[in-house]
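Read-outs throughout are calculated quantities, based only on the coordinates presented, and are distinct from any laboratory measurement. Since this is a predicted model, take the numbers as computed values, not measurements. Backbone-built Cβ (ideal geometry, glycine too); neighbour counts: all protein chains shown.
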Ligand SMILES: Cc1cc2nc3c(=O)[nH]c(=O)nc-3n(C[C@H](O)[C@H](O)[C@H](O)COP(=O)(O)OP(=O)(O)OC[C@H]3O[C@@H](n4cnc5c(N)ncnc54)[C@H](O)[C@@H]3O)c2cc1C
């Protein structure tokens, strides 16, 4: 699609998570010359997990939320940094205090996406909620997309360009035959608690490495707290971490984390606790841009949440993808899309290096299966 096309087919964005919303807002702000349609299937997994953002997320967020940024960000909790017990029995600190890019936050994730969604609506972008992409076929000069509508009908549209922002499912890319390369998969066993305790350390993200995985805890807005054990499928199955009692027992075995938590948490009766399982991948598509399409956010590349970078990446890639699409629309030259792909690949390589360093950096449990698998030397064929 370029300005010399006689058609004015719309551009379809599949997925209204942080990446799709950031792409839509950025395209509209950058004067993209084609109509935009944003489709989202609706949340299959509820509640949404993933809520810590580092200071690096503040500049793109301010840009995307525009005049509402300060008011919107004030409804989330400021995160001063993290405290982690990693390859040591004493906590180390990573403070955001001196980071000049802005503040880190513990987000109310649902509210956060609602705020970005309002920015999309405010810009007059057409947003179709409850529309699940079922099929995609190449039809010159673009694509035919078939959706299941909220009232269970099938509806098709023609799009001149498609943005795959459908998260780790990469639905459009997968339906058009693009392969996803999997580096790793971890499994999160998460629980949400009330946390009225005013303990100052609770404002940091809390991390502790243990033999069978690592724990993560964070305060959330509205006096809630999330605690998750990041393990993998084999360990979750073996130790039954999806069962509240086993999960609570594992929490009680932490050296440091359990002492940072309100006592009400470790005393929670197992029968009242719900453990949510969520997979998290390290993966990348073999191509993230091609003939009249590109992928953005987790649809392009997923990062292990240990990086705390998933949402920031989604926002930044939304902006970068929009810049590449505007250039492509105006010039018709594929080099803009190729440049975007090069950047996504380079960022993933950098992330893979950081991930490697982190998982190799914990040496106390060197021979434990979870840590061996993260280093890729399991010898059991599992990842
Ligand atoms: C357990 C866990 C913890 C995490 N913790 C953090 C954290 O603390 N900090 C951080 O920055 N990141 C974290 N992440 C990662 C972060 O959540 C993701 O990187 C981020 O959500 C990616 O945004 P996205 O818009 O690319 O994809 P998503 O947020 O997954 O959004 C994709 C959208 O596409 C829609 N969709 C899917 N299929 C279809 C279809 N067929 N048709 C139409 N729409 C469709 C979905 O409904 C969804 O709205 C975590 C991830 C996990 C799994």
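Can you tell me how the chain classifies by the Cα gyration tensor, rounded, prolate or oblate, using a/c under 1.5 as the rounded cut?
Since a/c reaches 1.5 and a/b is larger than b/c, the shape of the chain is classed as prolate.
Report, in deg cm²/dmol and to the nearest 500, the calculated mean residue ellipticity at 222 nm for the chain, where each DSSP H run with n ≥ 4 adds -39500 (n - 2.57) and the sum is divided by the residue count.
Taking each H run of at least 4 residues, the total per residue is -9500 deg cm²/dmol.
Could you give the length gained on full extension between residue 211 and residue 377, defined as 0.36 nm per residue of separation minus the Cα-Cα distance, in nm?
Stretched out fully, the residue 211 to residue 377 stretch lengthens by 58.2 nm.
If one computes the Cα centroid of region 201-260 and of region 115-145, what distance in Å separates the two points?
Using only Cα atoms to place each centre, the spacing works out to 37 Å.
How do the peptides 305-314, 119-128, 268-277 rank, highest first, by the average count of neighbouring beta carbon atoms within 10 Å per residue?
Averaged packing, sorted descending, gives the order 305-314, 119-128, 268-277.
For a label point 7 angstrom out from the Cα of residue 97 toward its Cβ, which stretches of region 29-68 have the backbone nitrogen within less than 15 Å?
Correct set: none at all.
Of all beta bridges DSSP finds with both residues in the chain, what is the antiparallel percent, to the nearest 5?
Close to 75 percent.
Could you give the length gained by full extension between residue 114 and residue 168, i.e. 0.36 nm per residue of separation minus their alpha carbon distance, to one decimal place?
17.4 nm
Taking the chain as a Gaussian network, Cα atoms linked when under 10 Å apart, which of 35, 244, 47 shows the biggest mean-square fluctuation?
Highest fluctuation of the listed residues: 47.
How many nm is it between the label spots at residue 245 and residue 68, if each spot is 7 Å from the Cα in line with the beta carbon?
Going by the 7 Å Cα→Cβ label model, 4.7 nm.
For region 58-80 and region 21-35, compute the distance between their C-alpha centroids and round to whole Å.
20
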